[in-house]
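The values are calculated or read from the model by the stated rules, or taken from the named source; none is laboratory data. Since we're looking at a predicted model, the values are computed, not measured. Neighbour counts run over all protein chains shown; Cβ positions are idealised from the backbone, glycine included. With ligands, DNA and RNA removed, areas are computed over all heavy atoms of the protein, side chains included. Shrake-Rupley method; radii C 1.70, N 1.55, O 1.52, S 1.80 Å.
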Amino acid sequence: MYIQYYKERSEFLKREMEFKTYGHGGPVCLAFSCEGGRFFDWEDRGLVNALGFLIDAGRLRLACADSIDGESWLAEGEGRARAEMQERWFCWLTRELAPHVREACGLSKGEKLLTAGVSLGAGHAANFYLRRPDLFCGAVCLSGSYTARGWFGGYADDLTLRNSPADYLRLVSAARLKEFTGPFLLCCGQGPYEGGFLAETRAFEAALAAKPLPARADLWGTDVSHDWPWWQKELAVLFPRMLDALAAMKAE
């Protein structure tokens, strides 16, 4: 498997940030770990290997991003400072990291990225697609949290709303809806530690369908827990569906 590691300074975050890419061909997916996660989690926790059959075949590439959740979603202290840190991270990803990934992977001007994530990372993936459909063309979201409300201890402002897709989705205009070119694939188990995430997945699927935006939620069994081994299995099922959907769109 072709793997590249990067460590570069971000002007938005005023520090060096790390990420890795995997694969040599196919659509590129920007991937997010769970809350507080790092860029190496997808590799260390087996998600890269779970998608190895697609990556090795040149059907998919991953770009695994670092997070600053410990200074925003998981931090203590004043809400505005935490929200501003989250927004600076969003700007790093969309204005610095995404262009670099596009260049490193040799994408043409019209090619967009996919997004994917687990747990809070699923909320990040949905947020990036909904806010920047000019950059992204689909999202794979596992066991997701799609609202900022519980993470910021009840604090809310314009920036927390911008990063809370379940809350701002109702504000998306009809004109904006035409910009979305690919599907949302949601998945959640119904077993241990999935309770709140299951409720958010159901609510988010309903909100997407009401717009309407193409969305599909797979709800797995009561033995399926909020954990990496199950996310490995879910990704191996959902990503071929996403790639098939993108191929069908191109063929139309």
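Just a few scattered comments:
- Amide hydrogen neighbours beyond the local backbone of CYS137, cut-off 5 Å, H modeled: LEU113, LEU114, THR115
- Sequence-distant residues sharing a close amide H with LEU186 (under 5 Å, placed H): CYS141, ARG216, ALA217, ASP218
- Approximating the spin labels as points 7 Å out from Cα along Cα→Cβ, the ASP223-to-ASN49 distance works out to 2.1 nm.
- The portion of the accessible surface of the chain made up by carbon and sulfur, rounded to a whole percent, is 52 (1.4 Å probe; DNA, RNA and ligands excluded).
- Farthest positive-ward along segment 54-188 dipole, Cα basis, beta-carbon charges - from ALA98, VAL118, LEU185: LEU185
- Inter-probe distance in nm under a simple model that places probes 7 Å from Cα toward Cβ, at HIS24 and TYR5: 2.1
- Relative contact order (%) - segment 130-192, alpha-carbon pairs under 8 angstrom, separation at least six: 53
- Largest mean-square fluctuation among GLY195, GLY138, GLY110, in a Gaussian network model of the chain whose springs join Cα atoms under 10 Å apart, belongs to GLY110.
- Relative contact order (%) - the chain, alpha-carbon pairs under 8 angstrom, separation at least six: 17
- Each Lys and Arg Cβ is given +1 and each Asp and Glu Cβ -1; about its Cα centre, the chain then shows a dipole of about 760 debye.
- Per residue, the accessible area of the chain comes to 42 Å² when a 1.4 Å probe rolls over the protein heavy atoms.
- Packing around the peptides 63-75, 121-133, 95-107, 159-171, taken as the average count of other Cβ atoms within 10 Å per residue, puts them in this order, highest first: 121-133, 63-75, 159-171, 95-107.
- Cα centroid separation, segment 4-43 to segment 85-133 (Å): 10
- Approximate spin-label separation ALA206-ALA247, in nm, with each point projected 7 Å along Cα-to-Cβ: 3.6
- Residues of type lysines that LYS20 reaches as a straight line, Cα spacing below 23 Å, ignoring anything fewer than 8 places off in the same chain: LYS7, LYS109, LYS112, LYS233
- Largest to smallest accessible area among LYS211, LYS109 [probe 1.4 Å]: LYS109, LYS211
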